[in-house]
Structures are given as structure tokens and as C-alpha cells.
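Below is one structure, written out as C-alpha cells; the observations come after it.
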Amino acid sequence: MKPYHLLTILVYANWAEAVSTVIVIVGTVTITSSGAAPTANSTSYTNKAVFEKDILAAHNFYRAEHNATTLKWNDTSAKYASKWSARCEFEHSHGPTGENLVAGASNATTSVDVWGSERKSYNWGKPGFSEETGHFTQLVWTNTTSVGCGRTSCQGKGGTDGWYVVCEYWPPGNVVGDGNRYFKENVAKIIKGKLGDTVEGGVGSNGAGWDERRNIWSVLVVAAGVGMGVVL
Ligand SMILES: *[C@@H]1O[C@H](CO)[C@@H](O)[C@H](O)[C@H]1NC(C)=O
Ligand SMILES: *[C@@H]1O[C@H](CO)[C@@H](O)[C@H](O)[C@H]1NC(C)=O
Ligand SMILES: *[C@@H]1O[C@H](CO)[C@@H](O)[C@H](O)[C@H]1NC(C)=O
Ligand SMILES: *[C@@H]1O[C@H](CO)[C@@H](O)[C@H](O)[C@H]1NC(C)=O
Ligand SMILES: *[C@@H]1O[C@H](CO)[C@@H](O)[C@H](O)[C@H]1NC(C)=O
């Protein structure tokens, strides 16, 4: 059994100014998974281009299943996230962005799957923030348009397991207030696939395998990059 360490944040919105102002750490969540202990350094961590591609593809897999727009890579956020992960401190940075943390997953895709898998616990009948589902709700938050992530091989340094992944989201999700109206508006029900699907599980929303999906995503990312406004 391999423990993953997780952390997400909650944003309180200042409605008078319609901007998110206070960011609160809601605590550490530790889950266990049957994933095998990492035996080698995955290229999805060691190679920057593979890391970015896999992280973005995994995010957009979940976003497509929850009717959210495709995220673009944000270099400003990625630089910030990399600086933060390099400290090997498993805690929030208190920056202006939404932030998800995970440590100890075998590869970049699995890191995002750890967050995405929380959707099995989300209650659409009672929308809102919880520590058990906060990474997932940020992952598919409709109003978020970009993500940038960093990763560091901490291997126990600072008490942080294995590879440490930090992702920054802009505009930030997990905005609370106003009767959880923002969760209702930003966390859509699943529109294709199943709640148990994961990217590494290899079963896509359309039944396609991972390789095929990876190609589909590259096309969408390129299309979004040239301003065609692709909406899934
Ligand atoms: C990523 O890690 C998972 C185990 O957590 C493993 O099943 C999967 O094969 C790995 N993927 C790649 C591309 O190495
Ligand atoms: C993985 O990389 C780290 C340095 O980033 C190194 O200390 C460790 O030995 C590597 N692990 C393996 C299994 O190669
Ligand atoms: C998906 O979101 C769009 C708005 O972005 C909306 O018009 C559409 O009805 C939604 N689809 C489903 C199946 O909920
Ligand atoms: C990228 O993220 C930063 C915060 O890290 C934000 O200020 C900026 O507006 C974002 N850029 C885009 C194009 O979303
Ligand atoms: C949605 O994003 C816009 C910027 O694109 C921001 O001004 C607005 O405050 C955000 N709304 C919520 C509820 O997060």
C-alpha cells in the first residue's frame, strides 16, 4: 500500500469586491492506494516536455468528462510552482492561485489521477467544498482556464515522499460563499464516461485507449493555443 499525501486549498470570495481575497489551508488528507511503489524515475517527471504534456492531458481528460473547457499551460504559474516544489515543504504557498499538491505518486499522470479519483466521493446533491473532494473540484472548476505545475524529486527531504507535484490554477477554483452557488456553477456532473474512470486506467470516455486519447488531446491543445476557442 502506497500512501499519497495531498493538500488543497479553499478560497473565500470577497463578494463586495467580487474578487477572491482570503486563502485558507484546510488541512492534509492522506489516502492509500494499491499503486506499486515507484521503482524508477518516470520520464514523465524527469523530462519537462513529457511532464507538461501528461499533466495537461490528464487534467483535460477529467475536465472533458465534466463539461469544462480545456486548460492551457501557464508558464508564469509553472515557474512559481517549480520554485515552490523545490523547497520540498508539503504545505501551501499562499499565492494568488488555486493550488493542488500531491507527493509519492509513480508518475505525472497518476499524480493527477489521485486528485481526479476524489470525484467518486463528491455529492452533486449537496455541492460545496470538502477536504475529501477539494482537489477534484479545483481540477474540473469551469471558471479556471490555465494551469502550470512544477515537480521535484524530494525522496523524503522535508518529510515529502518521492516526487512532489505542485499545480497552480488561474483563475482559482474552490470559491465558497453565496449558498455554494459557485460550486453549483463550476463543478458539473459527469457527461460522459464513469466516475471510476482514471487516465491510467486506460478507459477513456469514448472507450479509446490512452495513446489514442493522448493524440486527441495534443490536437486540442494546439487548437486552443491558436485561439480557436475549443470547448469540450
Ligand atoms: C504510472 O504509474 C502507475 C502506478 O501508479 C502505473 O500503473 C502506470 O503504468 C504508470 N504509467 C506509466 C506511463 O509509466
Ligand atoms: C531518482 O532520482 C533521484 C534524484 O532526483 C535519485 O536520488 C534517485 O536515486 C533516483 N531513483 C532511481 C530509482 O533511479
Ligand atoms: C456543457 O456546458 C455548456 C456551457 O459551457 C452548456 O451549454 C451545455 O448545456 C453543457 N452540457 C451538458 C450536457 O450539461
Ligand atoms: C497565468 O497565471 C498567472 C498567475 O500565476 C495569472 O496572473 C495570469 O493571468 C495567467 N495567465 C493566463 C494567460 O491565464
Ligand atoms: C471567473 O473568472 C473571472 C476571470 O476570468 C474572474 O473575474 C471571476 O471572479 C471568476 N469568478 C469566480 C466565481 O471565480
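The values are calculated or read from the model by the stated rules, or taken from the named source; none is laboratory data. Everything numeric here is computed off the predicted structure, so don't read it as measured data. Neighbour counts are summed over all protein chains in view; Cβ atoms, including those assigned to glycine, are modelled from backbone coordinates with ideal geometry.
Filter the range 137-158 down to the residues that are part of a helix (DSSP H, G or I) and in contact with a Gly (Cβ under 7 Å, 6 or more places away or on another chain), then identify the one that is nearest to ligand 1 (Cβ to nearest atom).
If we take residues in the range 137-158 being part of a helix (DSSP H, G or I) and in contact with a Gly (Cβ under 7 Å, 6 or more places away or on another chain), then Leu139 is nearest to ligand 1 (Cβ to nearest atom).
Is it the case that some residue within the range 105-119 is at pLDDT 95 or above, of a type in the set (D, E, K, R) and in contact with a Leu (Cβ under 6 Å, 6 or more places away or on another chain)?
Within the range 105-119, one or more residues are at pLDDT 95 or above, of a type in the set (D, E, K, R) and in contact with a Leu (Cβ under 6 Å, 6 or more places away or on another chain).
When only residues in the range 114-136 that are part of a helix (DSSP H, G or I) and touching an Asp or Glu at 6+ places or on another chain (Cβ under 8 Å) count, which is nearest to ligand 2 (Cβ to nearest atom)?
His135
Could you figure out which of (1) at pLDDT below 95; (2) crowded, with 23+ Cβ neighbours inside 10 Å isn't true of Ala68?
(1)
Tell me which of these Ala208 doesn't satisfy, since it passes every other one: (1) of a type in the set (A, V, I, L, M, F, W, C); (2) outside any loop (DSSP other than H, G, I, E, B); (3) at pLDDT below 95; (4) away from ligand 3 (no atom under 16 Å from the Cβ).
(2)
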